[in-house]
Amino acid sequence: MIEPLKTSQLFHACDENIFDFKTTQDLEPLNAILGQESALEAVAFGTDIRQDGYNLYAMGPSGSGKHSTIMTFLEEKASKESTPRDWCYVNNFEDGHKPIALDFPAGEAAIFQEDIDELIELLKTMLPAIFDSDEYRNERELINQKYLTRQAEIFNELQDAAKEYGASINITSPSKVTFVPVVDGKVLSAEEFKEIDPKTKDEIAERMAKFEQLVKLRLREVGQLNKAEQRELKQLKQKTTADSLDAVMGDLFVKYADMEKVVEYLKALKNDISHNVQDFISKPEEMGLPQFMTDYYAPSFTRYHINLLITHDAKNAAPVIFEDNPTHRNLVGTVEHRSQMGTLVTDFSMIKPGALHKANGGYLVLDMRKILMQPFSWEALKRVLRSKEIRIESLAEQYSLVSTTTLEPEAIPIDVKVILIGERMFYYLLHQYDPEFKELFKVSADFEEDMPRDDNSMVQFAQMIGKVAQHENLLPLSRSSVAKMIEHSSRQAGHAHKVSTHLGTMADLLKESDYWARKAGHDVIEREDVTAALKAQVNRKNRVQNRLYEQIEEGTLIINVQGESIGNINALSYISIGAHQFGAPSRITARTRLGKGEIIDIQRQVEMSGPIHSKGVMILSAYLSAKYAEDMPFSLSASLVFEQTYGMIDGDSASSTEAYVLLSSLAELPIKQNFAVTGSVNQFGEVQAIGGVNEKIEGFYDICMYMDPQQSYGVIIPEANVKHLMLKQEILDAVDAGTFAIYAVKHIDEGIEVLTGVPAGQANSRGNYPKDSVNGKVIKRLKKYAKAVKEAQKSAKKEKKKGD
């Protein structure tokens, strides 16, 4: 029979003598992240390579330090890279719905904005003064006088013509002329005109008709003169404006001469000001309108503003942007609207940038879960990365949700590295179901949950927690508390020879240990402070665990830990509720009888078991039939059930336990009830590793202490799980005292010997087992069933013959 494990195998303590410091305050902080060399290499590769599609997905469990590590890495890398160009939007004077994007060297877009603002403010003062000057008035007066003289000549010629046609002319305005016939030098009244003989009347009417045609012709000439005068006055205004603009804008054309697109904008700006100079010289307050109407009709100069979209300091650094709320508008920008006279209006000055604009020329970090939760954001990001340009589009207009007129800003070219941070599940799902994902995110950085536990890594671990304590303004840690942190980290990793790299959990434990240390009046965090923090964590979360243990202690849930029983065994279950995990025993019972080789899993029959549990029972059935019924019918009918379970059961960690209880029932050998068992079994009877071994053992130990702390107890686990053991001190003390034993087994035969105290038995050269062994008793029982089946079949044949 195998021997129980020694205390040294149940817990791997950290030797604090490997540390050469008094407190972590004496250590140099660890600049590199702990145990993530491979992931950091992937991050470096993904951010260095400049080819298309080599964006990065950083994956690993939440709280593993992915975000802080990547941000630190990127900020250091970006500090050595050049600052990207500034971007702004300006008005498109030819098509106001399509604003133009201009780019400038870092820091110069704001200077351009100041230049244009100064220009407009100067023109607001200068142009009214120029158009109010004597020089401009004189030139305007000369033009007016020239056309008034020509107009007077036309009207004088009409007066002379009127005499020839026998008419009296009255010029009321340059566009309105009236005339009446004159007979014998007298203007006739209407009554007098009626008394004239018809012949004379016809002659007068004919003369008046001809004169009317002449009047219309000459008035048309007057109208053309008026138009010519207005054109000449407009040309004078434009020439005066152009001369003024040439004087004040010449330096701007020289300053931005090497920026072709900026020069084109300056030309368009100059042309627009020339055609809209009236806005600069008009005075709405002189129109006599109410104040609200005056404000409405006041000229707006917003079309000349510069919308600074993205500006940078001229320092030598690329941007590193983390967008915590990656909505569509926060990602690619938006065009805002304002209410005016009951209508939503917008212009280029209301274009707002998104995270992609801010990160252009640098790095954009996004949380994968958050971007997938935002409608349209994921597709928008992929579209930008594919097209290499940011095009601001209105979702409301795209989906016809509003009829408000919006803008179509010119697209901005983009050069950005996108780093997605998320869980492995998202990476694998997207890689499988989104063809574009694998084309756009070709680099993955997988952050490990643990790393090997050796002297070098433990020193680095001490440096890391010392750095965290310093950063969070916590008390320094003593060597013994560091050792306790490492031991707990190994338990978190689920492996005695590894430590967890989960920085979030480590930082939380440090903060809570600091609380208990300060409460105890300590100057440094001691081992007992870490222990107090761990105990407090459990006490805050273990309400369900305590209630379950109370039900077992009271007998509501039947768990027997004394004596022996056939067909009854204690299985160990792993329970995870929220952030708390614990183990608890479950009672498994088995009944065997004559049958057709069927093992009935009652949990499966009532659909209360998962597929992995069902798989375990089927493997168990295959093992039993192959071992004990190789050359005879497997004439067995058996039933298995987890007693007093009212929820789903899954996992195969109880399959070895079910094997033991079936063997107990078949061999009619009682099982020691002060034992509990865990482990899965394969078709060859080998016991395989399971998860949560520490919690399972401690859960059974706690129950035993609840029920009768004076008795002795034991647990059987797979030998493959020995390397995972990091049990609490109470169990170590009980093992030393001989009141608790842990057995590690490789095969079902080893476990059944411990549980029954009867040798499993080895087959001889003829394949027979000793009669008093477990296997011998099982074979004997199965042969009995097979014989009974055979006799029943013979009897049935005889009865059939009699009937025939």
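The values are calculated or read from the model by the stated rules, or taken from the named source; none is laboratory data. In this text the structure is predicted, and so the values were computed from the model without any measurement. Note that each Cβ is placed from the backbone with ideal geometry, even for glycine, and that neighbours are counted across all protein chains shown. Ligands, DNA and RNA are stripped out before the accessible areas are found, and what is left, the full protein with its side chains, is counted by its heavy atoms. Shrake-Rupley method; radii C 1.70, N 1.55, O 1.52, S 1.80 Å.
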Any idea what the dipole of the chain comes to, in debye rounded to 20, about its Cα centre with Lys/Arg Cβ at +1 and Asp/Glu Cβ at -1?
4520 debye
Which pairs break 20 Å Cα to Cα here: Lys66/Lys535; Lys146/Lys227; Lys780/Lys800?
Lys66/Lys535; Lys780/Lys800
With charges only on Cβ, +1 for K and R and -1 for D and E, what is the dipole size of segment 653-771 about its Cα centre, in debye, rounded to 20?
400 debye
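Quickly rank 409-415, 328-334, 208-214, 360-366 as a protection proxy: mean count of other C-beta atoms within 10 Å, highest first.
Working: 409-415: 16.7, 328-334: 21.6, 208-214: 14.3, 360-366: 23.4.
Highest to lowest by the protection proxy: 360-366, 328-334, 409-415, 208-214.
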The whole-number value in µm²/s of the Stokes-Einstein translational diffusion coefficient for segment 648-790, with Rh from the Kirkwood sum over alpha carbon pairs at 25 °C and 0.890 mPa s, is 150 µm²/s
Using the 2.2 N^0.38 Å rule of thumb for compact globular proteins, work out how segment 80-166 stacks up: its C-alpha Rg over that value, please.
2.25
To the nearest Å, what is the center-to-center distance of segment 411-480 and segment 540-606, using C-alpha atoms only?
39 Å
As I understand it, the dipole of segment 571-716 uses +1 on the Cβ of Lys and Arg and -1 on the Cβ of Asp and Glu, about the Cα centre. Which of Gly651, Leu663, Ala689 lies farthest toward its positive end?
Leu663
Based on the mean of other beta carbon atoms within 10 Å per residue, what is the order of 87-97, 660-670, 434-444, most packed first?
660-670, 87-97, 434-444
Distribution output for segment 535-614: share of Cα-Cα pairs per 10 Å bin in percent, first bin at 0, values 14, 35, 34, 14, 3, 0
Within segment 426-526, pairs of Lys residues whose Cα atoms are less than 27 angstrom apart, provided they are eight or more positions apart or on distinct chains, add up to 9
If I compute solvent accessible area with a 1.4 Å probe over the protein chains, what percent of it on segment 108-253 is carbon and sulfur?
50 percent
Can you list residues from other chains, or at least 5 along the same chain, whose modelled amide H is less than 5 Å from the amide H of Val499?
Met451, Arg453
Rounded accessible area of Glu191 (nearest 10 Å², 1.4 Å probe):
120 Å²
Just to confirm my numbers, what's the Cα centroid distance between segment 200-235 and segment 58-102 in Å?
69 Å
Can you list the lysines whose alpha carbon sits under 24 Å from that of Lys615, skipping same-chain ones fewer than 8 residues off?
Lys596, Lys627, Lys696, Lys746
Can you list, bin by bin at 5 Å, the percent of alpha carbon pairs in segment 30-148, starting at 0?
2, 8, 10, 10, 9, 8, 8, 9, 8, 6, 4, 3, 3, 3, 3, 3, 2, 1, 0
Ile486: accessible area at probe 1.4 Å, nearest 10 Å²?
0 Å²
Surface accessible to a 1.4 Å probe, Lys194 within the full protein complex, Å²
150 Å²
Surface per residue (accessible, 1.4 Å probe) for the chain, Å²
51 Å²
Among Pro29, Leu40, Phe11, whose Cα lies farthest out toward the positive end of the dipole of segment 1-56, if unit charges sit on the beta carbon of Lys, Arg (+1) and Asp, Glu (-1)?
Phe11
Looking at the calculated P(r) for the chain, what percent of the C-alpha pair distances fall above 33 Å?
72 percent
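Can I get the semi-axes of segment 405-539's equivalent ellipsoid? Compute them from the C-alpha gyration tensor as square roots of 5 times the eigenvalues, in angstrom, largest first.
They are 41, 20, 14 Å, listed largest first.
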Got a sec to turn the phi values of segment 598-606 into Karplus ³J(HN,Hα) couplings, 6.51 cos²θ - 1.76 cosθ + 1.60 with θ = phi - 60°, whole Hz, x for Gly and Pro?
10, 9, 8, 8, 4, 4, 5, 4, 9
Within the chain, what percent of beta bridges assigned by DSSP are antiparallel, to the nearest 5?
60 percent
Give me the lysines in straight-line cross-link reach of Lys802: C-alpha distance below 19 Å, same-chain residues under 8 apart excluded.
Lys790, Lys794
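Which order do the peptides 25-31, 695-701, 577-583 take when ranked by the mean count of other beta-carbon atoms within 10 Å per residue, highest first?
Values: 25-31: 13.7, 695-701: 23.9, 577-583: 15.3.
Result, highest mean first: 695-701, 577-583, 25-31.
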Using only Cα atoms, locate the centre of segment 727-804 and the centre of segment 245-260, then give the distance between them in Å, rounded to an integer.
100 Å
Evaluate the charge dipole of segment 29-92 about its Cα centre and quote only its size in Debye, nearest 20, assuming +1 on the Cβ of each Lys and Arg and -1 on the Cβ of each Asp and Glu.
100 debye
Please report the projected area of segment 222-284's Cα convex hull averaged over all directions, in nm².
5.6 nm²
Which of the lysines could a cross-linker bridge to Lys186, judged by Cα under 29 Å and excluding same-chain residues fewer than eight apart?
Lys163, Lys176, Lys194, Lys199, Lys201, Lys210, Lys216
